[in-house]
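Just so it is clear, none of the values below were taken in a lab; they were calculated from the coordinates. Just so it is clear, the structure is predicted and the values come from calculations on it, not from any experiment. All Cβ positions, glycine included, derive from the backbone under ideal geometry; neighbour counts span all protein chains shown.
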Amino acid sequence: MSESLTCDVVVVGAGMVGAACALYASRAGLDVTVVDRGPVAGGTTGAGEGNLLVSDKEPGPELDLALYSLRLWRELAGEIGDLVEYESKGGLVVAATPASLAALGALTAAQRRAGVTATEVGADRLPEYEPHLAAGLAGAVHHPQDAQVMPALAAAHVLRISGARLLTGRTVTGVLRDAAGTVRGVRTDRGAVHAPSVVNAAGVWGGELAAHAGVSLPVAPRRGFVLVTEPLPPRIRHKVYAAEYVQDVAGGTAALRTSPVVEGTAAGPVLIGASRERVGFDRTPSLPALRALAAGATRLFPFLAGVRAVRAYAGFRPYLPDHLPAIGPDPRAPGLLHACGHEGAGIGLSTGTGRLIAQVLTGAEPALDLAPFRPDRFPASAPTARPATETGEAR
Amino acid sequence: MSAREPSARPGPGCTRSFTVTFDGREIEVLPGRTVAAALLAAGVTSWRTTRRAGRPRGVFCGIGVCFDCLVTVNGRPGQRACLRPARPGDVIRTEEGTGHAD
Amino acid sequence: MRTDLVVIGAGPAGLAAALAADARGTRVAVLDAGPAPGGQIHRQPPAGADTAAATAPPHVRRTWRSLAAALAASTVTVLTEHHVWCVEPGFTVHALCGPGQDEPVAVRAAAVLLATGGYEKVLPFPGWTLPGVLTAGGAQALLKGALTAPGQRAVVAGTGPLLLPVATALAAAGTEVAALVESAGPTALLRHGPALAAKAPEGAWHAARLLRHRVPVLTRHTVVRAHGSAALTGVTVAALDRAGHVRPGSERLLHCDTLAVGHGMLPHTDLAGSLGCPLDGSAVRVDAEQRTGVPGVWAAGEATGVGGAALALAEGHIAGRSAAARLRGAAPDPAGWSAAARARRTLRAGAAALDAVFAPPAGWARQVTDDTVVCRCEDVTAGAVREAVDRLGAEDLRTVKLLTRAGMGWCQGRMCHPGIAGLTGCPPVPPRALPARPVPLGVLARQATEEGTA
């Protein structure tokens, strides 16, 4: 079956970022088509925990985007909060030693100056926040703004309320450009979609889509595993993670890094992260990574030692060398906009990203300065994305 | 063949029954039975309620695949009744929801 | 513990493989979750129990006697009550032991042979979650392993060669069998007679017993609903037309406290999947020597495609001989196993014919009302699954799972995925799980002790 469609904007990618771009573009009055070679939430969105976090971000453009996005998430929650399991649960960043507590305190002070709400929690008051937390921790910081959604449900419902045309199972095989180089839509394996604007929300495959338009964007996959436990009653109230997690997020090493991130879910199971390693698109389960996750989680919550893990899954964070996403128009290919490379923060940053993209599409003044997110900020000699061929399947 | 059977199994000719309790009630069990077989033999068909709809469940696949027969044994929730051998004195309890105390 | 070959599963395939390798000088350890070797088909009654009620047909008993005798005369190490949750490349086989399955054990080996067997497929219908409804294989396991009948009055229903032995075993154990309800038609069964020849002696033996116990047989019928609130009180059965749809007006109620139901078997492929062994459809892909696509990993029996115990024996024998030769660094000589290879060819053809005869009725999904729970672990209804497909854009089982939680629970979709695939038209996908069984985080967090060194 082949058909030709015309609309105002084509969003490539039916994950959370693509869904948010579709929602805000539609609400700005644009006729939107979303194309994905897989199903809804088939990539990073379907493999994550659904974090909406400010606590793990250092002051700067990403934190500004996170705060902006959180405000939009709260608005959305009024509309579809229950459907997407929106939970304003708060985060608790715990420090094991006085040294890491001091470093955490410095970060918290800087975050406060940037508009983050945070409260220091002394070791003696930790049980009030998390009764099952291990004894002997040095202290923690409570971040009431941190929240969570069920990411696949969020993408599906945001797409549904956007009213955008959804073409899943359709692979983009090329970006249409006219003689002057201006983008005119996309070619897919089942016909063309014509539009004056194309939004690259292809996540880990964003580099591949950029290449179709003749530009480079060095998105690389950074693998993470999540361990899922048997269902439990609500025992872990916050998203709880070790202060070392912030350094791991910011680190660029290819080797396996794990720092414990533990949280309950509305559905019952506890989710345990977070590992980071750059190994391409290899989904083969890695027992060493799972062991490290289990060890970290049981150190934070000793009761988890007797709780069973029922499954583990891998996902790939779309990673750019400076850990910032690419958001906004690409001057190298007029008509092409990027909204990808959010690494492990895409669910949280999706709403702000989508709103910014809609502002650019409608000629409005962007609410945030897009300069730090410029897609052409990487030197031409920067390593390009490895060929984005998926070796595993998303199962 | 060198067999290693971690569980103490009664030797040939041993047919002495023993007792366990189910929700406080004494149940007579023949040796070598699983918890599920012991409960069914005592006329108990359900020993779990689901955590969402609170519906009763008992044995379903009978070979450890479906996890429908989860039951609490000696204070440990989430034991598959169809696999777990009944042992003298086992305290078996109906499992509600996740089986874990809030 | 270190050995040359670890065989996972002590059913016919695993034992035949272990014996064949052992006879050729290979050190073999067989791990099985059960309390004794034999697998589901040769599940033995508890030691010391009155075995008069044991109901295996004569040829099955004969096969077991010779397997057990060969095993006793061998140097094969059998590790029972070992629940394998992971095979690490290299290979380290991780298992859980103890009554609570929380004591870790590791066995190292140069090669692994997966004889993990199969499990029963059950398609959903209204009322199938009621206590008293169990799988046909589950009823058989209770009868064989505990000499325990699940109830007083039973209906055996669904489709497949397992229903007949289950009905006869229930009847022999003193359960009143109200009906054997088979969705395949009698002429289909007859037409494929030659292909069923391998099953004929067994079938005749069971059929005679059915007659003796006066069990009514309803072919081209199906159970459309199970009734009861706290437990099963009866089932509605209905006739099917030739297209596989319920004939309106043919419904009638059968009182029963037990429904043993099954719609065929599926291979256990978790361990194969987590090792990266390629699958063909739902089964592990193997070559003529029963080697999987991963070097050092063999597979045999139901895991490579459901075909029954005789096929499992033939495949296991070939796999064991191949593994023994390859572990010595030699190429095996297929001429040595030509009889097993011939049996394998014939039995695989027979299994394919059985699959064609015992297909679930075409219209089964229509009987699944929106309020029917399809995912037993997470209480997800057919309505929620249909909504995920119709309104939220799910087109595959993974997305249905993400949007509804169907398949996210304890069983990881093993029970519900075939039904959901049928309801939605999504392609069936075998579960691919690590851990293959739930494992305590405390066990995962520390290195396991090796078997024999603990």
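Arranged from highest to lowest average of other beta-carbon atoms within 10 Å per residue, in what order do the peptides C:433-446, A:162-175, C:238-251 appear?
Details: C:433-446: 22.7, A:162-175: 18.9, C:238-251: 14.4.
Top of the packing list down: C:433-446, A:162-175, C:238-251.
When only alpha-carbon atoms count, how far does the stretch C:74-114 stretch along each of its three principal axes, as whole angstroms with the largest first?
Sorted largest first, the three principal extents are 29, 28, 14 Å.
Based on DSSP loop calls and a cut-off of at most 12 other Cβ atoms within 10 Å, the longest stretch of chain A free of exposed GluC sites (Glu not before Pro) is what?
Values: sites that count: A:E3, A:E393.
In chain A, the maximal stretch lacking such sites is A:4-392.
Report, largest value first, the span of the C-alpha coordinates of the stretch C:350-410 along each principal axis, in whole Å.
The Cα atoms of the stretch C:350-410 stretch 40, 24, 22 Å along their principal axes.
Which net charge results for the neighbourhood of A:L63, defined as the other residues with beta-carbon distances under 10 angstrom from its beta-carbon, given Lys and Arg at +1 and Asp and Glu at -1?
Working: positive: A:K57; negative: A:D56, A:E58, A:E62, A:D64.
That sum, taken over residues with Cβ under 10 Å, equals -3.
What Rg and what Dmax come out for the stretch C:1-116 when only alpha-carbon atoms are used, in angstroms?
14.6, 46
As a test, work out the antiparallel percent of DSSP beta bridges whose residues both lie in the stretch C:122-263, rounded to the nearest 5.
40 percent
For peptide B:71-77, compute the average count of partner chain beta-carbon atoms within 10 Å of each residue's beta-carbon.
Average neighbour count from other chains, rounded to a whole number: 2.
What would the Debye formula give as log10 I(q)/I(0) at q = 0.09, 0.11, 0.16, 0.19 Å⁻¹ for the alpha-carbon point model of the stretch C:122-263, no solvent?
For the requested q values the scattering log ratios are -0.25, -0.37, -0.80, -1.12.
From the helices alone, meaning DSSP H stretches of at least four residues, give me the mean residue ellipticity at 222 nm for chain C, per-run term -39500 (n - 2.57), in deg cm²/dmol to the nearest 500.
Per the formula, -9500 deg cm²/dmol.
With both bridge residues required to lie in chain C, what share of the DSSP beta bridges run antiparallel, to the nearest 5%?
50 percent
Taking only Cα atoms of the stretch C:368-454, what ratio of Rg to Rh do you get with Rh as the Kirkwood inverse-distance radius? Walk me through the numbers before you get to the answer.
Values: Rg = 16.5 Å, Rh = 14.2 Å.
Computed over Cα atoms, the ratio is 1.16.
Assuming a strict under-21 Å limit between Cα atoms, what lysine pair count do you get for the protein assembly as shown once near-sequence pairs (fewer than 8 apart, same chain) are dropped?
7
Just the Kirkwood number for the stretch A:206-355, please: inverse of mean 1/r across all distinct Cα pairs, in Å, one decimal.
The answer is 16.7 Å.
May I ask you to sort A:V141, C:V217, A:V219, C:V181 by Cβ crowding, counting other Cβ atoms within 10 Å and putting the fewest first?
Ranked by crowding around the Cβ, least crowded first: C:V217, A:V141, C:V181, A:V219.
Ordered by residue, what ³J(HN,Hα) values in Hz, to whole numbers, does the stretch A:275-283 give under the Karplus form 6.51 cos²θ - 1.76 cosθ + 1.60, where θ = phi - 60° and Gly and Pro are x?
Values per residue, Gly and Pro as x: 10, 9, 7, 9, 9, x, 9, 8, 8 Hz.
What's the local net charge at A:A305, with K and R +1, D and E -1, over the other residues with C-beta under 11 Å away? Before the final figure, lay out each step's value.
Numbers: positive: A:R299, A:R308, C:R446; negative: C:D102.
Residues close to A:A305 contribute a combined charge of +2.
Determine, from the Cβ-Cβ distance of C:H59 and A:A114 and an R0 of 56 Å, the FRET efficiency 1/(1 + (r/R0)^6), rounded to the nearest 0.05.
E between C:H59 and A:A114, to the nearest 0.05, is 0.10.
Using Cα-only point scatterers and the Debye equation, what is log10 of I(q)/I(0) for chain A at each q in 0.08, 0.11 Å⁻¹, rounded to two decimals?
-0.39, -0.74
At 0.36 nm per residue, minus the direct Cα-Cα distance, what do C:R242 and C:A362 gain on full extension? Give it in nm, one decimal, please. Present the calculation step by step, with values, prior to reporting the outcome.
On the way: separation 120, 0.36 × 120 = 43.20 nm, distance 0.96 nm.
Full-extension gain reported as 42.2 nm.
Only bridges with both residues in the protein assembly as shown count here: give the DSSP antiparallel percent, nearest 5.
60 percent
In terms of modelled amide H atoms, which long-range or inter-chain residues lie less than 5 Å from the amide H of A:L167?
A:V34, A:V35, A:D36
Give me Rg over Rh for the stretch A:113-242, both radii from the alpha carbons and Rh done the Kirkwood way, two decimal places.
Taking Rg over the Kirkwood Rh, I get 1.15.
According to the Cα gyration tensor, what semi-axes, each the square root of 5 times an eigenvalue, does the equivalent ellipsoid of the stretch B:18-96 have, listed from largest to smallest in whole Å? List each step's numbers first, then the result.
Numbers: eigenvalues 70, 35, 23 Å².
Three semi-axes, in Å: 19, 13, 11.
Roughly how crowded by other chains is peptide A:159-167, in terms of the mean Cβ count from those chains within 10 Å of each of its Cβ atoms?
Mean partner shielding for this stretch: 1.
What Rg and what Dmax come out for the protein assembly as shown when only alpha-carbon atoms are used, in angstroms?
29.2, 92
Any idea how far the Cα center of the stretch C:1-43 sits from the one of the stretch A:141-159, in Å?
Value for the Cα centre distance between the two parts: 49 Å.
Give the Rg (one decimal place) followed by the Dmax (whole number) of chain C, computed from C-alpha coordinates and expressed in Å.
For chain C, the Cα-based Rg and Dmax read 22.0, 67 Å.
Count the net charge of all other residues whose Cβ sits under 12 Å from the Cβ of C:P440, scoring Lys and Arg as +1 and Asp and Glu as -1.
Surrounding charge for C:P440 is +1.
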